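Okay, structure first, notes after.
Each reported figure results from applying straightforward, stated rules to the coordinates on display, with no laboratory input. Predicted, not measured: the structure shown is a model, and the values here were computed from it. All Cβ positions, glycine included, derive from the backbone under ideal geometry; neighbour counts span all protein chains shown.
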Amino acid sequence: MSQRPRAPKAKGAVPARPAATGGAKQTKTSVSDKSRSYWMHHRASLTSSVTRLLAAPLQTLMTSLVVAIALALPATLLLALNNFQQLGDNWDANPKLSVYINIKAREPAIESLVKNLQNRADVARVEYFTPEQVLADFQLNSGFGEALTSLDNNPLPATLVISPKATAMDPSSLRILADAIASEAIVEEVVYDMDWVRRLREIMVLGETIVLALASLLGLGVLLAIGNTVRLAIENRREEILVSKLVGGTNAFVRRPFLYTGGCYGLLGGVLAAFIVVVAYWAISGSVYRLAQLYQSDFQLAGLGFSGFLALAALGALLGWLGAWLAVARQLSKIEPS
């Protein structure tokens, strides 16, 4: 039986590849898909954290109250310092010198002194009160009006009230001005109470230092409290974390829900701290106002304000987040699939 001759292979011919069969296909994830997945996990983590906090209201409230008290105490002290500073600034805004004239001084000599003082570059205003005006004012405000009317002679001297210019309101400039006035022959005494202002400023600096130290210690306490709470939550979810790591979950993926948990604890604590400060303000503001009225002052306590409310809430959330981060960073390194 004859065989057909085979056709010779063409030189350089490439053998045919077998037809592709069905199998695994690789797909590329777009940047938009990754971003969408990232934010979806953030939302899911936040929702899960809030749900878990609501499921244990007593524990959530206790932890948040610890944070609230730790934040409210330094916030209240700082608010009190700010009010004292405001009170001191109001008293120090227009410092004045009281010049008591010798009771034997003649009217022309007093008028000459007033003119000389008005011409000084460091004096803004000079008010002259005659002995009769001083006596009338003293009778009106002292409560000894009847006793003073029985006196044969007016024992009160003429008085000058001097308002320095803005450039001469510091303690050293006031001292120079007071010494110059005191050197006048008809001047009996110059009174200006700037020593208490310096003492008040030093007290304010000391108070701010104490508040800062106290806030630092209490802030550390917040970190430890929230860190310990988050650490217990991690231990309770150890198996869940192990499974997540076994299927490829990264530390960032596992960490995220616990960071939201710590942030929620801190945020709730900050809001409660703001309410504590506001309640304390309402409790004492009326008494402070009535006391100020007795001293003929319109001083009123400055409250926390909306910006202070937001600052406390943000500070609480930040401390909660940081405390959770420290706890998670330490605990996750100990949880690895074998």
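Things worth noting here:
- Between V205 and A55, the modelled labels are 5.5 nm apart [label points 7 Å from Cα along Cα→Cβ].
- Proximity of backbone amide H atoms, modeled 1.01 Å from N, is registered between E188 and Y100, I101, N102 at under 5 Å, excluding neighbours fewer than 5 places apart on the same chain.
- The equivalent ellipsoid that matches the C-alpha gyration tensor of the stretch 96-193 spans semi-axes of 27, 15, 11 angstrom, in descending order.
- Ordering 262-275, 322-335 by mean Cβ neighbour count within 10 Å, with the highest value first, yields 262-275, 322-335.
- Backbone phi angles across the stretch 218-230, fed through the Karplus curve with coefficients 6.51, -1.76 and 1.60 (θ = phi - 60°), yield HN-Hα couplings of 5, x, 4, x, 5, 4, 5, 5, 5, x, 5, 5, 5 Hz in residue order; Gly and Pro are listed as x.
- Converting phi to 3J(HN,Hα) with the Karplus coefficients 6.51, -1.76 and 1.60 and the offset θ = phi - 60°, the stretch 174-183 yields 5, 5, 4, 5, 5, 5, 5, 5, 5, 6 Hz in sequence order, with x at every glycine or proline.
- The mean sequence distance of close C-alpha pairs (under 8 Å, at least 6 residues apart), as a share of the length of the stretch 96-193, puts its relative contact order at 48 percent.
- The label point for Y295 and the one for A185, both projected 7 Å from the Cα toward the Cβ, are 4.1 nm apart.
- Scanning residues 5 or more positions from A124 or on other chains, those with amide H under 5 Å from its amide H are S163, K165, with H placed 1.01 Å from N in the peptide plane.
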